[in-house]
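To start, the structure itself, in C-alpha cells.
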Amino acid sequence: RAYNLQVVMDVEGVGEQMASVQIKAQSIVPEVTVSTYELDFGECFLRYRYKKVIELVNHSDLPAKFELQPQDEISRCVASYDVDYAKGTIEPFLSRTITVSFTTERLEKVQLPMWFKIVGHEDTPLEIQCIANGIGPRLVLKPPRRQ
C-alpha cells in the first residue's frame, strides 16, 4: 500500500498552513503460504482428538505475524479444532510447523474451515479446510454357536 500525505502546521495567531512536510511511504507485508489447503483426517471416532501438521511458510525477507481466527460457536456443534500455536511470528524465509487437533461431534462427513490471518494483510485470511468422516462404534452381531 502506498501513502502520499502531507503534515501541515498551523501557528495560532500567525496563520494557517505555515509549514508542511511531504510524507511518502510504502507499506510492505510478507508473503505467507500454507503447506496444504486441505487437512483430511479420514475416519474419526466421535469426540476423540486426532492430530495433523501444517506449515506456514514465509517467502519474504520480513518477519510475518500470524493469528488463528476464533472458531464460531455454531460450528463447534459439528466439530472443533485447536492448534499448538494460535499466534506467533515466522522469521524471514522460514516456516512454522503447527499441529492441528480435530474432534468431530457428529456422524458422517464433516468439513470445517479454519483461517489464519497474516497481520498487515487486508486480503482474506489463509483458509484450510478440515475434513473428516465422523464414526461411532461398529457392532458386529454373530448368531450364537450351537453346541
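When the surface is traced with a 1.4 Å probe over the full set of protein chains, Asp82 keeps roughly 80 Å² accessible.
Protein heavy-atom accessible surface, 1.4 Å probe, per residue over the chain: 72 Å².
When the Cα atoms of the stretch 1-72 are aligned to their principal axes, the ranges along those axes come out at 77, 29, 15 Å in descending order.
Amide H contacts under 5 Å for Ser60: Glu31, Phe93, restricted to partners 5 or more places along the chain or on a different chain, H placed in the peptide plane at 1.01 Å from N. Figure note: Ser35, Ser75 ranked by solvent-accessible area, largest first, 1.4 Å probe, ligands and nucleic acids not counted: Ser35, Ser75. Close amide-amide hydrogen proximity is noted between Leu39 and Gln129, Cys130, Ile131, each under 5 Å apart and 5 or more residues distant or on a separate chain (H modeled in the peptide plane; Pro and chain starts excluded). Only lysine pairs 8 or more places apart or on separate chains count here, and in the chain those with Cα atoms under 18 Å apart total 6. For the stretch 1-98, the list of GluC sites (Glu not before Pro) that fall in a loop by DSSP and count at most 11 other C-beta atoms within 10 angstrom reads Glu12, Glu73.
Computed from backbone phi with θ = phi - 60° and the Karplus coefficients 6.51, -1.76 and 1.60, the 3J(HN,Hα) list for the stretch 37-52 is 9, 9, 10, 9, 8, x, 7, 10, 5, 3, 6, 10, 7, 10, 10, 9 Hz; x is used for glycine and proline. Computed 3J(HN,Hα) for the stretch 92-104, one whole-Hz value per residue from the Karplus formula 6.51 cos²θ - 1.76 cosθ + 1.60 where θ = phi - 60°, is x, 6, 10, 10, 10, 7, 10, 8, 9, 9, 10, 10, 8, glycine and proline marked x. Shown for the chain: the carbon plus sulfur share of the solvent-accessible area, taken with all protein chains present and a 1.4 angstrom probe, equals 51%.
In the context of the full protein assembly, Ser20 retains an accessible surface of approximately 70 Å², using a probe radius of 1.4 Å and ignoring ligands and nucleic acids. Calculated on the Cα set of the chain, radius of gyration then Dmax: 25.3, 114 Å.
Dividing the mean sequence gap of close Cα pairs (under 8 Å, 6+ apart) by how many residues the chain holds gives a relative contact order of 25 percent. For Gly134, the residues whose modelled amide H falls within less than 5 Å of its own, excluding neighbours fewer than 5 places apart on the same chain, are Cys44, Glu108, Lys109, Val110.
The values are calculated or read from the model by the stated rules, or taken from the named source; none is laboratory data. Fair warning: this is a prediction, and the values are worked out from it, not measured in the lab. Because the Cβ atoms are built from the backbone with ideal geometry, glycine has one as well, and the counts that use them run over all protein chains shown. Ligands, DNA and RNA are excluded from the accessible area calculation, which covers all protein heavy atoms including side chains. Shrake-Rupley method; radii C 1.70, N 1.55, O 1.52, S 1.80 Å.
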